[in-house]
Structures are given as C-alpha cells and as structure tokens.
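Down below is the structure, laid out as structure tokens.
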Amino acid sequence: MARNVVTFMLRCNGPRLVFLLLICCIKPSITNAQFKLKASISFSEEQIVGAYVGNVVVASKLPDHVNQDELSRLEYRLQDSEDDYFDISKERGTLSSAKVIDRDAICEGEDECPILVEVLVYKMEAGIYDLFKIIDVTVEITDINDNPPEFPAKSVSLSVPENNALDEELRTSSAEDKDNGENGVKSYSFQDPTDTFTLKVHTNQDGSTYLGIVIKEQLDREVRDFYQVVIVATDGGTDPRLTGSAVINITVTDLNDNDPVFEKSAYNVSVPEDINVKVPIVHLKATDKDIGSNAEISYQISPQVSAEIRRIFYIDEQTGEIFCNSNLDYEVDRRYQLVVEAVDHGSPQKSSRVSVTLNVADVNDNSPQININLPPQGTDISEAEPVGKFIIHVTVSDRDQGENRRVTCSLNDDHFSLEKFGDDNSDMFKVVLARPLDHEKAPSHRVNISCTDHGQPPRSNSTTFVINVSDVNDVRPAFEEDTYRGSIPENYRGTREVLTVKARDWDSGDMGRITYSLEDRYNGLFVVDPDNGVISVTRPVDRENGAARLEFHVIARDNGKERLTSSALVIVEVEDENDEPPRFTRASFFGEVLENQPVGTSVGNVTATDPDSAPNGKIRYAILPQGTDFGKFSINSDTGEIKSADVFDRELKDRYFVTVQAVDPDKSEFYSTCNFTVRILDDNDHDPVITGIHSNMPTVEDFEEDINNATFIVQYTAPVGSIITRVMAHDGDEISSPNAQLYYAISSGDPGNLFGMNRFTGAIVLSRIVTAEDIKTFKLLITVSDGGDPPQSDSQYIYIKVNGSVAALTSSSSSGLSQNILIVIILIGVTIFLALAIFATICLIRKIDRQRRMTRANQKLSEDKMYQLTIQSNSHGHNNHQDVFANRGPLEREDEDRGRMSPGVANSGSYSNNLSKRGGGGGVGGAGKKEVSFSLDEESDSHNTSSGSGHPLTSFKNGGGARAGDKIDGVSTHLGEFTR
C-alpha cells in the first residue's frame with residue numbers, strides 16, 4: 001500500500017515532491033530538529049486551579065529559532081489528551097493548571113513524576129495557519145509533605161513463647177508514607193514502659209523495610225503474659241514534620257521453634273496481561289520442619305504490600321496459588337512486586353517471606369487511536385495549491401508496546417498522502433496534497449484515514465475528514481516511475497525493443513495527449529515511439545568498449561497550448577557476451593629463487609586480465625610443456641603464483657625459461673601466453689680452495705706443484721715491496737656475488753711483520769728492511785676467506801727462507817744510515833729555498849693584483865661580470881692547489897725511513913741507493929713531470945712556477961722528505977693494499 005502511495009505522489013508531484021522526499025528520507029535528523037523542541041518545567045502538587053506553571057516559549061528557547069516578527073504571529077495549542085491537567089494561553093504560550101494535581105495519586109511510590117504535554121505551534125502566513133513546530137514539555141510534579149506515615153494497622157497483636165532466647169525478634173510491618181523522597185518515612189521511636197523490648201529496623205533485598213521488636217530479657221509467662229508497646233514513625237518533612245503510630249500487643253505463649261521455608265529464594269514470573277482471573281499465575285510452596293499444628297502453613301500477601309496491589313492479586317492461603325482479582329493492563333503497570341508470607345499454625349506463629357516479581361507481558365489489546373487536528377483556516381483548499389501543501393495534522397497513538405504499538409496508516413484518496421512529522425519512529429503525520437485537485441471532477445473529498453497496528457492479530461481504527469475544493473485548473477504529465485531499467489545483449493544486430501515508458505496527464509483533449517522523445521546522448525543508438533513510449537535500440541553495442549551501462553532521459557510533453565513536460569531516467573544494462581580472451585599484463589615476467597631451497601618455494605607471479613565480466617571473466621593458468629624447464633615448476637591455476645618443483649643448483653644452471661598460458665575455462669580457444677624467466681640466486685655453498693702459487697723468485701726449493709711443501713728463498717738485499725710469491729685460490733659460487741669475492745691474509749708465522757699480503761690479489765711482499773734477526777725460515781699460515789654470510793675459508797702453510805750474512809747486513813746498515821742523513825740535510829735546504837721563493841712570488845702577485853683591480857674598476861659592467869666569474873673560477877683552483885701543499889701522505893714518511901737502510905741493502909739495489917742517484921737538486925723524481933701551482937683569494941689567474949725545465953718545483957710540510965715516485969727498481973712502493 002505504501003508503495004502505491006509513493007507511486008501516485010511521484011506521478012503528480014514533479015521535481016518539488018522529489019525534493020521533499022529527499023529531505024524526508026535522506027536527512028531525517030534535520031527534519032526532526034526543524035519541527036521538534038523540548039522544554040522542562042517544575043510545578044508543585046496541590047496548587048489551585050489556574051496556578052501559573054511556566055511559559056513554554058521561554059522554556060523551549062523558541063525565540064532563538066524565530067525573529068520577533070515571526071514570534072508575534074505564532075499561536076499555541078495543546079495536543080488533545082485523556083488527562084487535561086493544564087491550559088495554555090494561545091497568544092503567549094503560558095501554561096496554567098486546569099485541576100488540582102495530587103502527585104501521590106498519579107505517581108505513587110515513584111521518585112520522579114513527569115507529566116508530558118505536547119504544544120502545537122501554528123504560524124500565520126497570508127491569513128492562513130500552518131503547523132510550524134511541536135514543543136514537547138515535561139512538567140515535573142514536585143512533592144510536598146501532605147501525608148503522615150501510616151502503619152498497616154493501628155493495633156497489632158503478636159505472641160511470643162516463653163523461655164525465649166535473648167535478642168529474639170518479633171517482626172511487624174513498617175509504616176508507609178504516600179509522600180516521596182525526603183518527605184517519606186525517615187525514623188522510628190519506641191515506647192516500652194517495662195524496658196523489656198527494643199526496636200530494630202530491617203531492610204529487605206527489594207528495598208522495603210520491616211520492624212523487629214527485640215526481646216532484651218527472657219520472658220516468663222507465669223510472671224507476666226502480656227506486654228503493650230508503641231511504635232512511632234516520623235517522616236523527613238520540615239514544615240510540617242508528620243508522625244504516625246501503632247500499638248503492639250505482645251502475648252507470651254508456648255514454644256514453636258521452626259520457620260517455614262520457601263522452595264525458592266525468589267520468584268520471577270511472566271504473566272500475559274489478558275490472563276483469566278481463574279487461572280493461577282504462580283504456585284508458591286513452603287515447608288516447616290515442625291509437626292502438628294506448628295507445621296501447618298497458611299499463605300498471605302504481606303501487609304506491607306500496597307493496598308492497590310493486594311486489590312489486584314490474591315493468594316489461596318491453603319495452596320499458595322496466586323490469582324488475579326481483576327484484569328491486568330500492560331499499558332498501566334508492567335511489573336508488580338509482591339512479598340508473600342508463609343505462616344505456620346504454631347504458637348507463637350513462625351513466618352518467612354519471599355519476593356515475587358510478576359512481569360506483565362504485552363498483548364495486543366488496544367486499537368490505534370487517531371486524533372485529527374485541524375489548522376485555524378479549516379479544510380477549505382484551492383485546486384491551484386501546489387503539491388506538498390499542508391492540510392491537517394494527525395496524531396496516532398497505541399497503548400500497546402513493541403510491534404503491537406507500531407502502526408501503518410493509509411488514506412483512501414490518492415489526492416492526499418501521509419508524511420512522517422519528525423523522525424521515522426514518530427507517530428505523528430502531516431496530511432499533504434499528493435497531486436493537484438480538480439474542482440470540476442470533485443468539488444469535495446471525503447477522506448478516510450485508516451491505521452493498523454502490527455500485532456497478532458492486528459487491530460485497526462479509522463476516521464474521516466472532508467476537504468472542500470475551490471476551482472482552478474493546471475496539470476502536467478507524470479511518469480509512472482522516476483527510473484526505468486532495461487537490458488540488451490552485447491553485439492546484437494538489428495532493431496530490438498528494450499522497454500516501454502508510460503506517463504499520464506489527467507487533462508482532457510490535446511492537453512492530456514502525450515508525445516514521447518529522447519535525450520539523444522548516443523547519436524541515435526536509441527529511439528522511442530512518440531505515441532506509445534516503446535524504446536528500441538538500433539545497432540550493436542560493445543560492452544567492453546565503455547558501454548556496460550547506458551543512461552539517458554525520456555521526455556513526455558502534452559499537446560496543450562503551453563506544452564508542459566516531465567522526464568524520467570532510463571538505465572540500460574548491456575548483458576555481457578564472452579567475446580574477449582584473457583591477456584597478460586606483460587609479455588614477459590621474471591622471478592627468482594635462492595638455490596638449494598625446498599620444493600614448493602614461491603618463485604613469482606604472473607597476472608592476466610579478461611575484459612569480460614563475471615562469470616565470463618574467469619581465468620585459468622597453466623605452464624605449457626615446452627622446452628626443457630617446464631617440469632621444474634608448478635603454478636596455481638587460480639592465482640598465477642609459480643612455485644618450484646625441484647631443488648636448484650646455481651652452479652649447474654642459473655636461469656630457467658617456461659611459457660605460461662592464461663585460458664578462458666569456458667572457451668578454450670580464448671587464451672594468451674607469456675614468457676617467465678627464473679633466475680637462480682647464489683647461496684654460499686662453496687668453500688674457497690687454494691689452488692696453487694705463482695712466483696717470479698729465481699730460487700724455489702722442494703716445490704713441485706704442492707704448496708704445502710713450497711719454500712721460497714729471499715735475499716736479505718731484496719728491496720722493500722718485492723713480490724715474493726702470489727697465492728691463487730678459487731670459489732665455485734657466482735663470480736659477481738659477494739660469495740665468490742676472496743680475501744687473502746697471513747694468519748700466523750710472522751710476528752715481526754716482515755711480510756705483507758695484498759688482501760685482494762694474494763701477493764706476498766717484503767714489507768720492511770731485513771734485519772739480522774730476520775735471517776731464518778718463516779712458516780706462514782695463509783688463509784683465504786670469501787664474502788659470504790657467514791664466510792667460508794681455506795688455509796695452507798708456505799715457507800719463506802731469508803738468506804744473508806749477519807756481518808754484511810750490519811755493515812750495509814751503517815753505510816746506508818750516513819747516506820740517509822746527507823739526503824735529509826739536502827732536502828731541508830731545498831725546502832727552505834723553495835719556501836722563500838714562494839713567499840716572494842706571493843708578494844709580487846698581490847701587488848700586481850691590486851694594480852689590476854684599480855684599473856678594472858672603471859671598466860664596463862659586462863667586463864666587471866666577467867671579472868667576477870674569473871674570481872670564482874680561480875677561487876676553486878686555489879683550494880685544489882692548497883691540498884697539494886697541505887697534505888703529505890704516508891708514502892713520503894715511508895720513503896724517509898727507506899733512506900736510512902743499511903749499506904748492505906743499498907749495494908744490492910736497495911731504495912736508498914736509487915734515492916742517491918736520482919736526488920739531484922734536492923728532489924726525488926721519477927720520469928714524470930711535477931708542477932706546483934699557487935692561487936690566492938681574489939686572483940683572476942693561477943701562476944705556475946718551477947725551478948727548472950727538468951726538475952719541477954715542489955713543496956714540503958714541516959720539513960718532510962720528497963714525495964716518492966711510482967716505481968723503485970721495478971718494485972711497487974705503494975703498500976696501502978697489503979694487509980697482515
């Protein structure tokens with residue numbers, strides 16, 4: 001039914017109704033905030049009729065939502081209700097009491113007593129009232145101390161057996177006060193002339209109280225068998241403070257020493273509100289361990305339970321079954337709390353109590369109640385009123401709960417519709433104009449509103465109101481649906497009917513005759529029959545070429561003098577045909593895996609796509625049996641993940657090639673292929689192996705390709721840096737990986753550091769001058785390690801014998817020392833001379849530069865820019881040359897040490913002898929030319945100065961020796977690469 005209402009609204013309302021529906025449906029929170037306000041007011045009970053309660057305009061902060069002019073045009077009315085507690089001033093919104101309110105009557109036993117009032121606010125626009133807002137007002141009724149405490153009975157008789165235990169209690173009911181909070185019962189006092197008893201107050205689990213009269217002394221019936229005490233209850237009021245009292249008559253009897261015991265500590269029962277009064281609600285049972293009359297039990301509802309509850313329920317004192325005296329009503333009370341006493345027939349009587357909670361279950365026993373609220377202007381309306389015009393306000397209430405309370409309402413006239421007023425859970429509606437009225441067809445409308453709840457069985461109610469229509473005439477075409485949907489197959493050839501649209505126009509003649517046309521977004525792909533609204537497609541459509549969903553509008557025009565139009569959206573889905581093969585995203589894919597990994601290790605992935613949609617877009621992957629490597633791998637047919645099917649050794653083969661196919665499982669002729677290359681990564685699974693040695697030494701003893709038996713002879717006159725031999729090794733891992741990078745070192749056998757070993761080439765060289773202590777045979781442990789993590793290694797021993805005479809070695813050392821001293825003196829003199837020459841040159845350059853700057857100051861701006869660029873260029877040159885003068889490497893210091901070699905070494909072609917032959921002019925030079933450049937800050941040119949064409953000028957720092965040449969007697973002196 002709701003769908004039909006919406007359909008008729010869409011047929012006749014046009015764009016404005018669509019806008020209103022979007023506001024109501026998409027943003028309900030905004031709508032609720034627009035119409036609903038809340039206010040809270042406090043009011044004391046028992047005030048006279050007409051007493052001032054409060055102003056709802058101020059309490060709801062309505063002036064914050066309207067301006068002063070709008071506020072002056074508002075009128076206030078109360079929503080009709082069953083209990084009219086208040087009146088309201090229509091102009092000012094002032095609430096006053098309509099009757100004397102007794103809080104204790106309407107909210108007995110409740111901590112709070114709110115009365116909800118609904119104020120309807122109407123706004124006058126152009127002489128017509130429209131419902132503007134609703135104010136939910138909560139009036140909290142505050143309590144006054146107008147009731148004294150009352151005991152269930154003014155006089156109570158109790159009995160107690162003699163020979164009682166001290167501190168034994170006689171239970172009696174506490175007082176009740178209809179007032180609440182601080183005005184309720186606060187304290188008790190006790191009056192006993194004999195001082196035999198005292199009073200004790202107990203609190204039950206449910207919050208109720210009872211009194212215990214405590215026996216302070218042992219009673220003797222023969223001495224005294226009757227006592228009379230008075231209990232006084234006082235409330236917490238202050239003006240006035242009220243009291244109530246009860247007389248307790250205590251009779252001393254014989255002993256009964258067991259209390260009845262209930263089978264359960266508490267009872268919690270659910271009872272439907274329509275239960276028959278003759279059907280027991282719950283059966284309570286208690287037992288007493290005594291025998292005879294002391295074990296006979298009677299049941300009663302405790303006197304402390306309110307009289308109202310005892311009026312509704314009763315208990316069979318013999319069986320313990322609880323019944324209803326009257327019908328229950330879930331909408332009045334949903335839960336009842338009873339206290340049932342089991343009393344034995346002993347003397348004195350023993351009793352026990354149990355809490356019984358009765359939960360009333362809702363039954364759908366109330367029909368929805370419909371209240372029609374007419375606006376101030378009544379129900380006269382012009383047929384020219386726009387769709388969405390407010391007509392009347394309807395309030396629906398149902399006293400049931402849950403689904404029994406939820407209602408659905410409908411109207412019998414499609415000229416009108418119901419709209420939720422507020423949020424979706426609201427039971428208030430606005431009746432609005434759903435489509436234009438036509439006075440000629442119906443001068444009045446008798447509208448019936450029917451509401452049905454969702455209970456089982458459902459209950460319904462209805463009422464009628466009359467709308468009088470004044471004459472005007474305008475209508476436009478309206479489509480039956482806002483959106484039409486259809487579908488066409490992909491690649492269909494020829495003309496095919498897609499769907500039919502239909503619009504209606506309630507006008508007569510040409511004004512009601514409709515012509516259809518299309519919004520041509522696709523160059524004539526679709527056409528429409530102008531008379532019957534049949535839409536057809538005229539040519540094939542390729543879904544994969546961006547045409548999976550086609551949208552356009554169909555337009556309906558009437559044929560009146562002023563043609564009115566409306567439109568609807570048409571959505572055409574193109575049904576997929578399996579006409580596209582899968583395609584790989586790349587022609588070649590690459591993967592890699594570490595050698596020696598187990599079978600099933602992931603190598604990589606391939607990816608293909610199919611332009612078709614599901615289920616035509618399914619893809620299956622497979623490795624084609626081509627070449628020799630296809631059996632080495634497996635592939636997941638769904639994901640394209642490739643895994644190893646074998647354990648690989650990179651040293652045997654480092655690359656594998658397979659062909660992967662992606663195929664459409666529904667059409668095997670649709671497939672594509674790609675190449676997949678797997679690179680096997682190196683694992684450090686090979687140890688270095690020392691394969692041999694290579695030596696240029698003239699004498700080798702006991703060496704027949706066996707390195708362990710190799711002995712190399714070195715003469716004591718051999719220059720420092722002489723290569724003794726070269727160790728050769730091999731690693732089977734990949735050459736380009738760190739696993740195959742070899743590092744050489746002397747691990748042991750050379751405590752005096754006579755030998756050095758190039759860690760990269762394996763060359764063993766003489767690293768210092770041979771001394772007398774070195775004339776012996778050395779056993780060196782050579783270790784070769786690779787760069788893996790962790791590294792692998794191999795070790796071998798070699799023997800080096802140093803030959804020479806100790807006496808000759810001592811003489812040669814003395815001669816060499818004298819020559820070294822002479823060389824140092826010469827170098828110091830040359831250094832001083834060069835320093836003076838450099839200083840003089842710098843001074844001369846500075847003087848020339850000052851004159852040059854003064855001359856150039858008057859040159860053109862372009863020349864000045866060129867000068868600045870030159871200054872920048874020469875500034876860089878100065879920094880480079882400064883490095884030459886400031887840095888003196890370790891080789892220079894090493895050259896000085898070599899100058900002090902012994903004469904014996906010098907006679908055999910040592911470095912010291914070469915130095916004396918090539919040290920003319922104080923410099924040590926090779927065949928190459930050395931130049932020294934000087935550059936000063938702000939200079940435009942760099943100046944090169946030399947001491948001669950054959951011997952370039954150089955510089956020394958701190959009196960150091962000359963820089964050594966690249967070669968001395970064919971032996972390299974650059975030992976930076978050699979390590980221990």
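I need the full set of residues from the stretch 720-773 which are under 60 Å from the mean Cα position of the chain (by Cα) and β-branched (Val, Ile, Thr), in order please.
Ile735, Thr761
If we scan the stretch 589-597, do we find a residue that is open to solvent by 30 Å² or more (accessible area, probe 1.4 Å) and either closer than 28 Å to Phe526 by Cα or among the β-branched types (Val, Ile, Thr) (or both)?
No, the stretch 589-597 contains no residue that is open to solvent by 30 Å² or more (accessible area, probe 1.4 Å) and either closer than 28 Å to Phe526 by Cα or among the β-branched types (Val, Ile, Thr) (or both).
Just give me the residues in the stretch 335-377 being acidic (Asp, Glu) and open to solvent by less than 50 Å² (accessible area, probe 1.4 Å), in sequence order. Spell out how you get there, then give the answer.
So the first thing to find is which residues in the stretch 335-377 are acidic (Asp, Glu), and the list is 341, 344, 362, 365.
Hits for the stretch 335-377 are Glu341, Asp344, Asp362.
Just for the stretch 449-470: of the residues that are in a loop (DSSP other than H, G, I, E, B) and in contact with a strand residue (DSSP E or B) (Cβ under 8 Å, 6 or more places away or on another chain), which one is modelled with the highest pLDDT? Break it down stepwise before answering.
Going residue by residue through the stretch 449-470, those that are in a loop (DSSP other than H, G, I, E, B) are 454-459.
Next, only the ones that are in contact with a strand residue (DSSP E or B) (Cβ under 8 Å, 6 or more places away or on another chain) stay: 454, 458-459.
Values: His454: 83, Pro458: 87, Arg459: 84.
Looking at the filtered set, the residue picked out is Pro458.
Please specify each residue of the stretch 431-470 satisfying the condition of being touching a residue at least 12 places away in the same chain (Cβ under 8 Å), farther than 22 Å from Asn373 by Cα and loosely packed, with under 13 Cβ neighbours inside 10 Å.
Passing the criteria: Glu440, Gln456, Pro457.
So, of the residues in the stretch 55-77 that are basic (Lys, Arg) and touching a residue at least 40 places away in the same chain (Cβ under 8 Å), which turns out to be surrounded by the most Cβ atoms within 10 Å (Cβ to Cβ)?
Arg77
So how many residues does the stretch 352-381 have that are at pLDDT below 90 and hydroxyl-bearing (Ser, Thr, Tyr)?
Number satisfying all stated conditions: 2.
What pairs can you find where one residue is in the stretch 182-197 and under 28 Å from Ile144 (Cβ atoms), the other is open to solvent by 50 Å² or more (accessible area, probe 1.4 Å) and among the aliphatic types (A, V, I, L, M), and their Cβ atoms are less than 8 Å apart, with a gap of 6+ or different chains?
Asn183/Ile144; Tyr188/Val201
Step by step: first the residues of the stretch 777-792, then only those that are open to solvent by 70 Å² or more (accessible area, probe 1.4 Å) and modelled with pLDDT under 90, then the one that is farthest from Asn739 (Cα to Cα). Which residue is that?
Pro790
Does the stretch 127-136 include one or more residues that are of a type in the set (Ser, Thr, Tyr), more than 28 Å from Gly244 (Cα to Cα) and surrounded by fewer than 20 Cβ atoms within 10 Å (Cβ to Cβ)?
Yes, some residue in the stretch 127-136 is of a type in the set (Ser, Thr, Tyr), more than 28 Å from Gly244 (Cα to Cα) and surrounded by fewer than 20 Cβ atoms within 10 Å (Cβ to Cβ).
Within the stretch 93-116, restricting attention to residues that are without any contact (Cβ under 8 Å) to a residue 40 or more places away in the chain and assigned to a strand (DSSP E or B), which residue is nearest to Gly422 (Cα to Cα)?
Here the residue is Leu116.
Out of the residues in the stretch 26-54 that are at pLDDT 85 or above and open to solvent by less than 30 Å² (accessible area, probe 1.4 Å), state the one that is farthest from His393 (Cα to Cα).
Applying the filter and picking the extreme gives Glu45.
Hey, among the residues in the stretch 285-295 that are at pLDDT 90 or above and surrounded by fewer than 19 Cβ atoms within 10 Å (Cβ to Cβ), which one's farthest from Ser208 (Cα to Cα)?
Thr287
For the stretch 747-773, give me each residue that is open to solvent by 40 Å² or more (accessible area, probe 1.4 Å) and within 14 Å of Ser695 (Cα to Cα).
Thr761
Can you name the number of the only condition in (1) at pLDDT below 85; (2) more than 22 Å from Asn147 (Cβ to Cβ); (3) open to solvent by 90 Å² or more (accessible area, probe 1.4 Å); (4) assigned to a strand (DSSP E or B) that Val252 fails?
(3)
So is Val282 open to solvent by less than 30 Å² (accessible area, probe 1.4 Å) and not small (Gly, Ala, Ser) or not? Steps first, answer last, please.
Working: open to solvent by less than 30 Å² (accessible area, probe 1.4 Å): yes; not small (Gly, Ala, Ser): yes.
Considered against the rule, which asks whether it is open to solvent by less than 30 Å² (accessible area, probe 1.4 Å) and not small (Gly, Ala, Ser), Val282 comes out as yes.
If I filter the stretch 187-202 for residues that are part of a loop (DSSP other than H, G, I, E, B), surrounded by 19 or more Cβ atoms within 10 Å (Cβ to Cβ) and not polar (S, T, N, Q), do I get at least one hit? Spell out how you get there, then give the answer.
Pass one, the stretch 187-202, residues part of a loop (DSSP other than H, G, I, E, B): 192-196.
Narrowing the set further to residues that are surrounded by 19 or more Cβ atoms within 10 Å (Cβ to Cβ) leaves none.
No; the residues of the stretch 187-202 include none that is part of a loop (DSSP other than H, G, I, E, B), surrounded by 19 or more Cβ atoms within 10 Å (Cβ to Cβ) and not polar (S, T, N, Q).
Please go through the stretch 296-334 and pick out each residue that is part of a loop (DSSP other than H, G, I, E, B), open to solvent by 70 Å² or more (accessible area, probe 1.4 Å) and in contact (Cβ under 8 Å) with a residue 12 or more places away in the chain.
Residues satisfying the conditions are Glu296, Glu317, Gln318, Asn325, Asn327, Arg334.
Any residue at all in the stretch 221-233 that's exposed (fewer than 15 other Cβ atoms within 10 Å of the Cβ), of a type outside the set (D, E, K, R), in contact (Cβ under 8 Å) with a residue 24 or more places away in the chain and assigned to a loop (DSSP other than H, G, I, E, B)?
Checked against the condition, which is being exposed (fewer than 15 other Cβ atoms within 10 Å of the Cβ), of a type outside the set (D, E, K, R), in contact (Cβ under 8 Å) with a residue 24 or more places away in the chain and assigned to a loop (DSSP other than H, G, I, E, B), the stretch 221-233 yields no hits at all.
Applying the selection to the stretch 543-567, what residues are over 40 Å from the mean Cα position of the chain (by Cα) and of a type outside the set (S, T, N, Q)?
Across the stretch 543-567, the qualifying residues are His553, Val554, Ile555, Ala556, Arg557, Asp558, Gly560, Lys561, Glu562, Arg563, Leu564.
Failed condition for Glu403, given (1) surrounded by 16 or more Cβ atoms within 10 Å (Cβ to Cβ); (2) outside any strand (DSSP E or B); (3) acidic (Asp, Glu), with all others met?
Status for Glu403: all satisfied but (1).
Can you name every residue in the stretch 379-398 that is open to solvent by 20 Å² or more (accessible area, probe 1.4 Å) and within 14 Å of His445 (Cβ to Cβ)?
Correct list: Thr379, Asp380, Ser382, Glu385, Lys389.
Is it fair to say Thr238 is in a loop (DSSP other than H, G, I, E, B) and farther than 24 Å from Ser355 by Cβ?
Here the answer is yes, as Thr238 does meet what is asked.
Report yes if some residue within the stretch 482-496 is closer than 28 Å to Ala568 by Cβ, among the hydroxyl-bearing types (Ser, Thr, Tyr), open to solvent by 40 Å² or more (accessible area, probe 1.4 Å) and not in a strand (DSSP E or B); otherwise report no.
yes
State whether one or more residues within the stretch 578-597 are without any contact (Cβ under 8 Å) to a residue 60 or more places away in the chain and over 20 Å from Asn545 (Cα atoms). Full working, then the answer.
Here is the first cut: in the stretch 578-597, the residues without any contact (Cβ under 8 Å) to a residue 60 or more places away in the chain are 585, 597.
Going one step further and asking which of them are over 20 Å from Asn545 (Cα atoms), we end up with 597.
Checking the stretch 578-597: at least one residue is without any contact (Cβ under 8 Å) to a residue 60 or more places away in the chain and over 20 Å from Asn545 (Cα atoms).
Modelled with pLDDT under 90, of a type in the set (S, T, N, Q), in contact with a strand residue (DSSP E or B) (Cβ under 8 Å, 6 or more places away or on another chain) and open to solvent by 40 Å² or more (accessible area, probe 1.4 Å) - does that describe any residue in the stretch 670-687?
No; the residues of the stretch 670-687 include none that is modelled with pLDDT under 90, of a type in the set (S, T, N, Q), in contact with a strand residue (DSSP E or B) (Cβ under 8 Å, 6 or more places away or on another chain) and open to solvent by 40 Å² or more (accessible area, probe 1.4 Å).
Criterion first (small (Gly, Ala, Ser) and out of contact with any Lys or Arg (no Cβ under 9 Å at 6 or more places or on another chain)) does Ser347 satisfy it?
Details: small (Gly, Ala, Ser): yes; out of contact with any Lys or Arg (no Cβ under 9 Å at 6 or more places or on another chain): yes.
For Ser347, the condition - small (Gly, Ala, Ser) and out of contact with any Lys or Arg (no Cβ under 9 Å at 6 or more places or on another chain) - is met.
Inside the stretch 658-669, can you point out the residues that are free of Cβ contacts under 8 Å to residues at least 60 places away in the same chain and surrounded by 15 or more Cβ atoms within 10 Å (Cβ to Cβ)?
Val658, Thr659, Gln661
The values are calculated or read from the model by the stated rules, or taken from the named source; none is laboratory data. Note that the structure is predicted; figures quoted are calculated from it, not measured. Cβ: placed from backbone, ideal geometry, glycine included. Neighbour counts: every protein chain shown. Ligands, DNA and RNA are stripped out before the accessible areas are found, and what is left, the full protein with its side chains, is counted by its heavy atoms. Shrake-Rupley method; radii C 1.70, N 1.55, O 1.52, S 1.80 Å.
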